[in-house]
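Where a number appears in this text, it was derived from the coordinates with a stated rule and is not lab data. Treat the numbers as computed from the prediction; the structure is a model and nothing was measured. Cβ: placed from backbone, ideal geometry, glycine included. Neighbour counts: every protein chain shown.
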Amino acid sequence: MPVPYDVRQVEERWRQRWEAEGVGSVDLDAVDPSDVFYNLAEFPYPSAEGLHVGHVFRYAGVDVYGRYQRMAGKHVFQPIGFDAFGIHTENYALKVGEHPSSLTARTTARFRRQLERIGAAWDWSRMIDTSHPEYYRWTQWILVRLFEAGLLYRAEAPVIWCPSCLTVLAQEQTERDGAVCERCESAVTQRAMTQWFLRITDYADRLLAGLDDLDWPERAKRLQRQWIGRSEGREITFGDLTVFTTRPDTLPAVTFLAVPPGHPAAGDTRPHPITGASIPVYEADYVVEAYGTGAVMGVPAHDERDRRFAEEHAIPISDADLLEPSAAASVGAPATRYRLRDWLISRQRYWGPPIPIVHCRDCGAVAVPEDELPVLLPEVDEFRPTGTGQSPLTAAHGWVNTSCPQCGGPARRDTDVSDTFVDSAWYFLRYPSTEYNDRAWDPDRTAKVLPVDFYAGGPEHVQRHHLYARFVTMALHDLGLVPFEEPFPRIRIGGMIVKDGAKMSKSRGNVVTPDDYIDTVGSDALRCGLLFSAPWEQGGDFTDAAIAGIERFFAKSWKTITGPDGDPADELAMARSIHAVTEAIERLAFNVAIARLMELLSEVGSPASKRIFVRLLAPFAPHLAEELWHRLGEPFSVHTQPWPQYDGRLLEDEEVEIVVQVDGKVRGTITVPRDAPEPDVCEIARRDVEALGTDDSRVVYVPGRVVNFVTGSDG
Ligand SMILES: [Zn+2]
Ligand SMILES: [Zn+2]
């Protein structure tokens, strides 16, 4: 059933009016700090393919949540921008043979049109683009501050090299246990190179401890804990070689030692500290530590990987008895190790902010003074990676040769650029302060607006972007530059959308762009069709049948709201609906909220009920709701109306609120019918908790009060 209004015309008209009247923006000077709600979606990198429907699913959820918060009385700050610097953009530029700067301008413009057309209430007045000098000036300023604090340093180290991207990569930018490049899937190799690192390992314990108090999905916390990978063990010396082990009890069964490739001890032997036996030292790819500290024990009898290695190299397997716990505790010295390595940020590429350091023969590495920032990325025609381990900037002689800020003598600029994850590690600090050109962020503004109230992220960012942003914020906090340590106290992870049961890809021919839908059925139908298809945190399958169902709902809504007035609605039914829609939005169950709106429609007829319905509809279908509000003769805009209220006493006897806990910690509440049987209550709670990423758990129910999930894991 086609909707009985001109979708394109209606949607375009209201979007222009919102933009003209600044419905999406908020005066950050005028608002009270306690009323500001910083509603943040991860900004996109402007890929050549444009926005896809997966983006729309994620952004529509963020937008519904923000619009709801605005109607509920918050001053919602919902900015958007572009993560436009970096290897993604540059690789595409290389593929199509276009300079990244002109390519970025084009893809960014297209993304902006698409982001506007989905009808989200972005505050475009505070848009940022990480490739603009007015942004990356401050990326460089942060690096200078970290350099001065000793947190940015240069060192030779074995690094991961992508032979296709022709650059080094951070450990986090590899996949399949560090075997392939996450961007191009080429097998990576190791090289020894002098590179720039950020000292994130200094913060490993704080990054771990801070996780405990964050309102994040349990799964996201677990992934970050695993990534940091703290392990307690002992350091044991074999002659001059120190090894780290978490199993000192297996010491009697050691039959070999393993060191990283290239280690000077490889091929030698060392006598065993207890038995005095001569123990061979082997090179092994799996020893990934930095030079000199990376030796590990080989205990084939008690470790599967060691057993395979021993069999491959014909090393004997010892069945010596394990040490008693008391004896194992006294071996060597206690030590703590982390899987996390320092963050390698230099790239031998073109499309990024030049690292703001000059190299002087007399003074060494010297930071570029603050008043000389930004170090502009020089315009060069030849932006291709050289493959020599030197960035293309090396060839820009006029730019490279400069004078030392310290002694005035001849010096050379650093020719590497910083990685794109540095750009995105602080962008949330910039949004509220975009009008200030003389500071990265304004202290008062920052104290007022930050930290971020709600951050909607993607699962792919838990180990990288979220971790880096936490580290940079902690470091800036320690330098007295921001008044908090955790930028994202509350994160929720959006699910992935597939189309007709399959991941969208060119080879399958099932890629649909948001434009295809917005041109035909409109943005409202696309937003609601996507959100109705799957729980936002889980994701799921999106079909055209869902869109058709939404179109029928819209047509019926139109007929009901613009039709003749009917009798007063049943007060209890209205209260139930308002309560149910509100509660569903609060827990991001947008599919449930839309279903309740569909049910509610049969109750709507009186003028009062029509006004309630349209306001409840507004976050989901912002254009249609605005048009219907207008047709009801109500003043512009529906989006600045108060959220519908109901008399809570009406529902008092019907429902009971149950606290949901995970391992004894409160994770939320659910509201259930007072007489709901135990299995139903547990099922509702479990769905709620699964959205938080907790699985494999046992449940304890205290009737009418608490559901506690016991995971039995250490986190
Ligand atoms: Zn690559
Ligand atoms: Zn000098």
Subject >> Extended-chain gain in nm, criterion 0.36 nm per residue less alpha-carbon gap, ALA179 and ARG339 >> reply: 56.0 nm
Original post:
Based on Cβ point charges of +1 for Lys and Arg and -1 for Asp and Glu, what charge dipole magnitude is obtained for the chain about its Cα centre, in debye rounded to the nearest 20?
Top reply: 1060 debye
Original post:
Each residue of region 628-641 in order: what ³J(HN,Hα) in whole Hz does its phi give by Karplus 6.51 cos²θ - 1.76 cosθ + 1.60, θ = phi - 60°, with x for Gly and Pro?
Top reply: 5, 4, 4, 5, 7, x, 8, x, 4, 10, 4, 7, 10, 7
Subject >> 222 nm mean residue ellipticity, helices alone, for the chain (DSSP H n ≥ 4; -39,500 (n - 2.57); rounded to 500) >> reply: -10000 deg cm²/dmol
Original post:
Which order do peptides 361-373, 49-61 fall in by mean Cβ count within 10 Å, highest first?
Top reply: 49-61, 361-373
**OP:** Mind pulling the angle between the C-alpha long axis of helix 678-691 and the longest principal axis of the chain? Nearest 10 degrees, somewhere in 0 to 90.
**Re:** 60 degrees
Subject >> Between 0 and 90°, nearest 10: helix 133-148 axis offset from the chain longest Cα axis >> reply: 40 degrees
Original post:
Hey, rough spin-label estimate for GLN190 and ASP647, points 7 angstrom out along Cα→Cβ, what's it come to in nanometres?
Top reply: 7.4 nm
Original post:
In whole Å and largest first, what semi-axes does the C-alpha gyration tensor of the chain yield when each eigenvalue is scaled by 5 and square-rooted?
Top reply: 50, 34, 23
Original post:
What number, in percent, do you get for the relative contact order of the chain if the mean sequence gap of Cα pairs under 8 Å and at least 6 apart is divided by its residue count?
Top reply: 16 percent
Original post:
Using 1/(1 + (r/R0)^6) with R0 = 60 angstrom and r between the beta carbons of ILE274 and GLN390, what's the FRET efficiency to the nearest 0.05?
Top reply: 0.75
Original post:
How much FRET efficiency would the formula 1/(1 + (r/R0)^6) give for ASP27 and ARG674, where r is the Cβ-Cβ distance and R0 is 41 Å, rounded to 0.05?
Top reply: 0.35
